[in-house]
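K.L.:
Supplied in structure tokens, the structure appears directly below.
The values are calculated or read from the model by the stated rules, or taken from the named source; none is laboratory data. Just so we're clear, the structure is a prediction, and the values are computed from it rather than from any experiment. Every residue, glycine as well, gets a Cβ built from its backbone with ideal geometry; the counts of neighbours run over all protein chains shown.
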Amino acid sequence: MAKKEIDHTEENFANIEEAIGKTEQFVEKNKNILSYSVIGLFAIVLLIMGYNKYIRIPNEEEAYNTIWHAEQAFDMDSVNIALNGDGVNPGFLDIIDQYGSTKSGNLARYYAGICYFKMAQKGGANADDNFKKAIKYLDDFESDDLNIKPMSIGVMGDCQMELGNKEEAASLYNKAAELADNEFISPMMLKKAGMTYSLIGKHDIALNEFKEIKTKYYRSAQGNDVKKYIAREEAYLGK
């Protein structure tokens, strides 16, 4: 028994030595290729480090120090200046062009979308174009924030409603409600979705929207009066 174990161990060592030998042969045969691969990988690492140090981080800082002028104009409801700048300080559109890959550039997309939405709400010949621009910039805005992102989607829904795309609007309201999943934004968006579906005659879907408010968000402001909407949809459906 012991002899078998010794023979088995020796066989394992032989296999390991053979594998090591093959590896050494491969390295020797392909040492030039391997060297170039290591050099190439090292060059990529250096490029990434250089990009972060000399381009990305300075751009982030510069964008952060630039956007506040446009934010200030936005807070004062000077929408046109916030969007296009004042001739000295850039607006959100310039910031998107110059610093679009930065965090501030991304935030500028959100602001730009809201600016176009506000401009569109005032009416005029360009209203539809401004609603479409609002959708574009809000759709390009990226965020993991479960308050800001759902609200931006909700505004996109409002834009689609104004453009007459009610089905798309309702879909966006539902998307915002699901993403937020809180008692402030979700019931508000579900109510908008329910009223929109009711408007286009899809009363069964509208009823489900309102029932979700009743069961899941009954403590919300929308939950306080949702019963009348449920009763209305049930009446439409003959229930």
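K.L.:
Find the helices (runs of 4 or more DSSP H) located wholly in segment 95-178 whose residues include 2 or more that are within 13 Å of the chain's Cα centre (by Cα), modelled with pLDDT of 95 or more and within 21 Å of Lys192 (Cβ to Cβ), and list them. Write out each step before concluding.
P.N.:
Details: elements: 103-121, 127-140, 148-162.
Correct list: 127-140, 148-162.
K.L.:
Moving to a separate point now. Scan segment 90-119 for residues that are farther than 22 Å from Gly157 by Cβ and of a type in the set (Gly, Ala, Ser) and report the count.
P.N.:
Going through segment 90-119, the residues farther than 22 Å from Gly157 by Cβ turn out to be 90-91, 93-105.
Applying the additional criterion that residues be of a type in the set (Gly, Ala, Ser) yields 91, 100-101, 104-105.
Summing the residues that are farther than 22 Å from Gly157 by Cβ and of a type in the set (Gly, Ala, Ser) in segment 90-119 gives 5.
K.L.:
Something else: From the list Ile213, Ile230, exactly one residue is part of a helix (DSSP H, G or I), modelled with pLDDT of 95 or more, in contact with a Leu (Cβ under 7 Å, 6 or more places away or on another chain) and over 27 Å from Asp139 (Cα atoms). Which is it?
P.N.:
None of the others qualify; the one that does is Ile230.
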